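Shown next, in structure tokens, is the structure this report addresses.
The values are calculated or read from the model by the stated rules, or taken from the named source; none is laboratory data. These figures come from a predicted structure and were not determined experimentally. Cβ sites come from the backbone with ideal geometry, for glycine too, and all protein chains shown count toward neighbours.
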Amino acid sequence: MSDIKKLNILYLEIGRGHPFYLDAIGKLLEDEHKDKIALNIIGVFDVSRGFFVSSWKAVERVYRWGGGGGIASYLYGAIRGRKKPDKKGLIENILSHDLRRYLISNKYPTLVSHPILVPMISDIVPVYYQHGEITAPYESAVNGARVIFVPLAGTADDLVKHGVPKNRIFVSGLCIEPDLAEKAEEYFRNRINRLRSDKPLIGAFYSSGAEPPDHLKQIVLSIASLCRSGQKGVVYCRAGGRLEKKLAMMHHAVKLNYAVDNLGLENAIRSNNIAIVPFDDRHQEHDYTMKLFRHFDYFVGPSHERTNWAAGLGLPMFVLHPIIGSFSPLNHEFLLGNGLAVDLHDDYSASNFADMLNQLRISGSLETMAKNGFGKYNIFGFRNIVEYIIGDLRGER
């Protein structure tokens, strides 16, 4: 037992992307390396009390409002961009009060996935910052981390330009769900065969957690277009959320229950144009995605963390507009610059989505998009991060 090292994994449960990265790293550590590392999994909401937890919840609300676009998004961006990433202002001092007190009694190396946490705690514990996005805006350039994990050499270059020392950066490869990475070649080969066939394609549709109204409208219009043309889609939506309510009256759609087994899922998607998949949390969303991913020929969504699928798994992407936030525009540039995605610019393009899809398929462009996103990058980022952490904690690096 004396050889087992301890690692804090500190969650900031805001959005889907940041917690998702920690989920995958933590699961690999727990499943495969219990003999080397003991995990202390905590969240900022868990260790904060009273006024301080209320302050974190206020930040969560601002994040959700900002993710919806419009004036709220502008205000959220202004708050995040008001200072240098490594500086703590009044807001950070308030938010970190109980968190710092907790870590003083639990001074173990700490893994985080949100840059705001790094300056709050880096003077107390060594911090590993997991930056899973392909692109790195200025706000992610935190110098106080012991190591920043980034997916690509280009991401590292962005951080260096923002002032992060190169020796503090580890290029891991793309952070793609391990189950998908391991089956990537098989799924890609089957997808290419389907793209070359004359059978109906199956697309996956995702909104961000904030469910921006314009994105939801484009998803609904695209789904209606698929129904008219006999194509198929799977729509992932937050249970009880705005998207689920908008889809409730659609014909040729079946709503899947979380308890349905894998065979039931496959039968549902074969016998209906559209499968609606409500989920209560990101873990349910993850499970449904893993069960159905091998059927997907493309996906539709905002240019957030799932951009990794287009870049590493050869899954063509259609990008919802408007582009919201600081990461999303840079991811969008990467997607278009590498021939991985096509824009859904507006309601008109969404209403004619099936025609656009068919034209891209006939011309071979959809297949080209898939090929542009396969075999170019290392897709085992999560495993490489896990190996780095283990070696670092055990003094082997």
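So the values come out like this:
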quantity	calculated
Residue check for LEU340: in contact with a Gly (Cβ under 9 Å, 6 or more places away or on another chain), crowded, with 21+ Cβ neighbours inside 10 Å and without any contact (Cβ under 8 Å) to a residue 60 or more places away in the chain	yes
Segment 114-157: number of residues that are small (Gly, Ala, Ser) and more than 21 Å from HIS332 (Cα to Cα)	3
Positions within segment 1-47 being assigned to a helix (DSSP H, G or I) and among the hydrophobic types (A, V, I, L, M, F, W, C), in sequence order	PHE20, LEU22, ALA24, ILE25, LEU28, LEU29, VAL44, PHE45, VAL47
Filter result (closer than 16 Å to ARG270 by Cβ, touching a Gly at 6+ places or on another chain (Cβ under 8 Å) and surrounded by fewer than 18 Cβ atoms within 10 Å (Cβ to Cβ)) within segment 180-237	PRO200
Filter result for PHE353 (under 24 Å from ASN190 (Cβ atoms), touching a Leu at 6+ places or on another chain (Cβ under 6 Å) and surrounded by 16 or more Cβ atoms within 10 Å (Cβ to Cβ))	no
Selection within segment 85-98 - of a type outside the set (Gly, Ala, Ser) and surrounded by fewer than 22 Cβ atoms within 10 Å (Cβ to Cβ)	PRO85, ASP86, LYS87, LYS88, LEU90, ILE91, GLU92, ASN93, ILE94, HIS97, ASP98
Matching residues, segment 284-293, being within 25 Å of LEU152 (Cα to Cα) and surrounded by fewer than 21 Cβ atoms within 10 Å (Cβ to Cβ)	HIS286, MET290, PHE293
Positions within segment 124-163 being surrounded by fewer than 24 Cβ atoms within 10 Å (Cβ to Cβ), modelled with pLDDT under 95 and among the hydrophobic types (A, V, I, L, M, F, W, C), in sequence order	ALA141
Count - residues of segment 371-395 that are part of a helix (DSSP H, G or I) and not aliphatic (A, V, I, L, M)	10
Count of segment 104-120 residues which are crowded, with 21+ Cβ neighbours inside 10 Å and assigned to a helix (DSSP H, G or I)	6
Qualifying residue in segment 293-304 (condition: under 24 Å from PHE170 (Cβ atoms) and in contact (Cβ under 8 Å) with a residue 60 or more places away in the chain)	yes
Test: ILE323 is under 21 Å from ILE192 (Cβ atoms) and assigned by TED's automatic domain parsing to the domain that holds SER208	no
Some residue of segment 53-64 being at pLDDT 85 or above, among the aliphatic types (A, V, I, L, M) and under 30 Å from GLY395 (Cβ atoms)	no
